[in-house]
Amino acid sequence: MSDVIPPCPKCESPYAYSDGTLLICPECANEWNPNEEVVDPDAIILKDAVGNLLAEGDKVTLIKDLKVKGSSLVLKVGTKAVINRFSTGDHDIDCKVDGNGQMMLKSQFVKKQS
């Protein structure tokens, strides 16, 4: 472990101290292992239809024909899209679909391109 102790990831207090393998913050009582990656509990984690983790900016393809609500348009299997951002709710991916513009899709109907 290095000689410089990082600030608390929860409250940013500079007074954290080492106790064995853990670091402890005296201000908010947060304990963490500096060797583990810090995960944001509010982050949205989505997986595609086959279990691959999705990230904003990923390119995906549709695995099923999808009817566009309020239109006679049908998005065909294999249509490509780029994920702009994640959102909460039923349709959890805001993306740009090739040839059709901005749309909200469900992550269960897309597959990440390798």
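When the residues of segment 56-70 are filtered to those that are of a type in the set (A, V, I, L, M, F, W, C) and in contact with a Leu (Cβ under 9 Å, 6 or more places away or on another chain), which remaining residue is surrounded by the most Cβ atoms within 10 Å (Cβ to Cβ)? Give the steps one after another, and end with the answer.
Applying the first criterion (of a type in the set (A, V, I, L, M, F, W, C)) to segment 56-70 yields 60, 62-63, 66, 68.
Within this subset, residues satisfying the condition of being in contact with a Leu (Cβ under 9 Å, 6 or more places away or on another chain) are 60, 62, 66, 68.
Values: Val60: 24, Leu62: 19, Leu66: 19, Val68: 12.
Restricting to residues being of a type in the set (A, V, I, L, M, F, W, C) and in contact with a Leu (Cβ under 9 Å, 6 or more places away or on another chain), the top hit is Val60.
Here is a yes/no grid of residues against (1) open to solvent by 100 Å² or more (accessible area, probe 1.4 Å); (2) touching a helix residue (DSSP H, G or I) at 6+ places or on another chain (Cβ under 7 Å):
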{"site": "Asp3", "(1), (2)": "yes, no"}
{"site": "Leu46", "(1), (2)": "no, yes"}
{"site": "Ser72", "(1), (2)": "yes, no"}
{"site": "Lys76", "(1), (2)": "yes, no"}
{"site": "Gly89", "(1), (2)": "no, no"}
{"site": "Asp94", "(1), (2)": "no, no"}
{"site": "Asn100", "(1), (2)": "no, no"}
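Name, by its number, the condition in (1) open to solvent by 50 Å² or more (accessible area, probe 1.4 Å); (2) in contact with a Leu (Cβ under 9 Å, 6 or more places away or on another chain); (3) at pLDDT below 90 that does not hold for Lys80.
(3)
The values are calculated or read from the model by the stated rules, or taken from the named source; none is laboratory data. None of the values given here were measured: they were computed from a predicted structure. Every residue, glycine as well, gets a Cβ built from its backbone with ideal geometry; the counts of neighbours run over all protein chains shown. In case anyone asks, the SASA skips ligands and DNA or RNA and just uses the protein heavy atoms, side chains included. Shrake-Rupley method; radii C 1.70, N 1.55, O 1.52, S 1.80 Å.
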